[in-house]
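For reference, the structure is listed below as structure tokens.
Just so you know, all these numbers are worked out from the coordinates, no wet-lab data involved. Fair warning: this is a prediction, and the values are worked out from it, not measured in the lab. Cβ placement follows ideal geometry from the backbone for every residue including glycine, while neighbour counts extend to all protein chains displayed.
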Amino acid sequence: MQQQLRCSRVASSRITPRTRTSMVVMASAKPKLQLMVNSCTGKMGQAVAEAALRAGVELVPYTLCGPADVATNATVNVAGHALTLVPPSTRDAVVEELKGRYPHLLMVDYTLPDAIHSMVDFYVKHRTPFVMGTTGGDRAKIAAQVEASKVYAVIAPNMGKQIVAFQATMDLMAKSFPGAFSGYKLRVVESHQSTKKDTSGTAKAVVQSFVELGVPFDVSQIELVREPKAQMEVMKVPADAINGHAYHTYQLVSGDGTVMFEFQHNVIGRTTYAEGTVDAALFLAGRIDANDDKTLYNMIDVLRAGAMR
Ligand SMILES: NC(=O)C1=CN([C@@H]2O[C@H](COP(=O)(O)OP(=O)(O)OC[C@H]3O[C@@H](n4cnc5c(N)ncnc54)[C@H](OP(=O)(O)O)[C@@H]3O)[C@@H](O)[C@H]2O)C=CC1
Ligand SMILES: O=C(O)C1=N[C@H](C(=O)O)C[C@H](O)C1
């Protein structure tokens, strides 16, 4: 929004045919979007709903939740907005009704690795476009299922703009110089809040590039740090970030031990992922408006489209 305002100010002070065109593009670029953020009782759901409100996106006042007992009309509060909790037992009927009330409905999913396949089945069954940041599951199977369904979706294990750029860079290096690191040994260490049960989906995705660069490595070799003591003492995570952080280190050492590369991305909190998720939702709504033939995207597509703030 700030970017749009700034853009139109510049355009009005120096209008050339070129800037006039960009003004038109910007003006018509606001996609139709009614965003339903699921799992708002969870950490990412809550952060994304807050980021959507900050961005001026219309937030649908419902959120899917887990199977625990939920009183009828129970709500969760997001920045003063009450969202009605929808448990699995009623979600089919509720979503069909919401599709009628919100013609530009798009959902965000940050549930849990255990639930990911049932959530994908749900979005495909109801044909609701979705942005999925949830990790885990059989990623290839999910991609094939969503692609075949032609339901619009952005699916990615990391939505932080600069981390997505790092992933894209590693992928580019692997495609440009396959085998460039053959003979090197890889060590991957990731630290997250102790409630995170699975191995980082980001680390798993980045490892794929290192494998293409010639380093044999299985994702089961990724080292997980979940103990607060080790997080503070070894990983140097600040004490107030123990309940919300994502520290990743990828270290490559040459066979003779004389050369070492280290890549690191350390995130405190969840704002970067939440902001990126809103970018992904706006991007996807734009693709739907354009009736794009391509329906399945990842965050590298969103970044390449220049759609991340
Ligand atoms: N792509 C990215 O950039 C990022 C991805 N993540 C990933 O997001 C996921 C969630 O992380 P986080 O928010 O920390 O987890 P939380 O444990 O805080 O939240 C999980 C949420 O999932 C809900 N849930 C569980 N089962 C179901 C179900 N069957 N149907 C609907 N909702 C369900 C829970 O609802 P209830 O309270 O009712 O049980 C809860 O709201 C993880 O996979 C994590 O790795 C995290 C950060 C960034
Ligand atoms: O659960 C988290 O917190 C995160 N999950 C994602 C992952 O598994 O890679 C992204 C980030 O690391 C935070």
Scanning the stretch 74-117 for residues that are within 18 Å of the chain's Cα centre (by Cα) and of a type in the set (Ser, Thr, Tyr) gives Tyr110, Thr111
Do you know which residues across the stretch 104-122 are in contact with a helix residue (DSSP H, G or I) (Cβ under 8 Å, 6 or more places away or on another chain) and within 14 Å of ligand 2 (Cβ to nearest atom)?
-> Asp109, Tyr110, Thr111, Ile116
Can you tell me how many residues in the stretch 123-132 are crowded, with 23+ Cβ neighbours inside 10 Å and in contact with a helix residue (DSSP H, G or I) (Cβ under 6 Å, 6 or more places away or on another chain)?
-> 2
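Going by what's in this entry, would Phe263 be described as in contact (Cβ under 8 Å) with a residue 12 or more places away in the chain and surrounded by fewer than 20 Cβ atoms within 10 Å (Cβ to Cβ)? Even if it seems obvious, please write down each step before you answer.
Values: in contact (Cβ under 8 Å) with a residue 12 or more places away in the chain: yes; surrounded by fewer than 20 Cβ atoms within 10 Å (Cβ to Cβ): yes.
Taking the combined requirement at face value, the residue satisfies it.
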Note down all Cβ pairs under 7 Å where the first residue falls in the stretch 31-56 and is within 13 Å of Ala281 (Cα to Cα) and among the aliphatic types (A, V, I, L, M), the second is within 13 Å of ligand 2 (Cβ to nearest atom) and part of a loop (DSSP other than H, G, I, E, B), and they're at least six residues apart or on different chains.
-> Val48/Tyr110
Got a sec? Which of Arg304, Arg270, Arg309 is more than 16 Å from ligand 1 (Cβ to nearest atom), in contact with a helix residue (DSSP H, G or I) (Cβ under 9 Å, 6 or more places away or on another chain) and of a type in the set (Lys, Arg)?
-> Arg304
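Just the residues that are among the polar types (S, T, N, Q) and either out of contact with any helix residue (DSSP H, G or I) (no Cβ under 8 Å at 6 or more places or on another chain) or at positive phi (or both), please, taken from the stretch 153-172.
Thr169
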Looking at the stretch 53-65, is at least one residue of a type in the set (Gly, Ala, Ser), buried (at least 16 other Cβ atoms within 10 Å of the Cβ) and within 17 Å of Val154 (Cα to Cα)?
-> no
From the list Lys150, Lys175, which residue is surrounded by fewer than 18 Cβ atoms within 10 Å (Cβ to Cβ), basic (Lys, Arg), on the phi > 0 side of the Ramachandran plot and more than 15 Å from ligand 1 (Cβ to nearest atom)?
-> Lys150
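Please state which one of Leu284, Leu252, Leu296 is in contact (Cβ under 8 Å) with a residue 24 or more places away in the chain, more than 16 Å from ligand 2 (Cβ to nearest atom) and buried (at least 21 other Cβ atoms within 10 Å of the Cβ).
On the way: Leu252 fails: buried (at least 21 other Cβ atoms within 10 Å of the Cβ); Leu296 fails: buried (at least 21 other Cβ atoms within 10 Å of the Cβ).
The conditions single out Leu284.
Among the residues of the stretch 190-205, is there at least one that is exposed (fewer than 14 other Cβ atoms within 10 Å of the Cβ), in contact (Cβ under 8 Å) with a residue 60 or more places away in the chain and within 12 Å of ligand 2 (Cβ to nearest atom)?
Pass one, the stretch 190-205, residues exposed (fewer than 14 other Cβ atoms within 10 Å of the Cβ): 194-195, 197.
Filter again for in contact (Cβ under 8 Å) with a residue 60 or more places away in the chain, leaving 197.
Okay, now just the ones that are also within 12 Å of ligand 2 (Cβ to nearest atom), so 197.
Yes, there is a match, as at least one residue in the stretch 190-205 is exposed (fewer than 14 other Cβ atoms within 10 Å of the Cβ), in contact (Cβ under 8 Å) with a residue 60 or more places away in the chain and within 12 Å of ligand 2 (Cβ to nearest atom).
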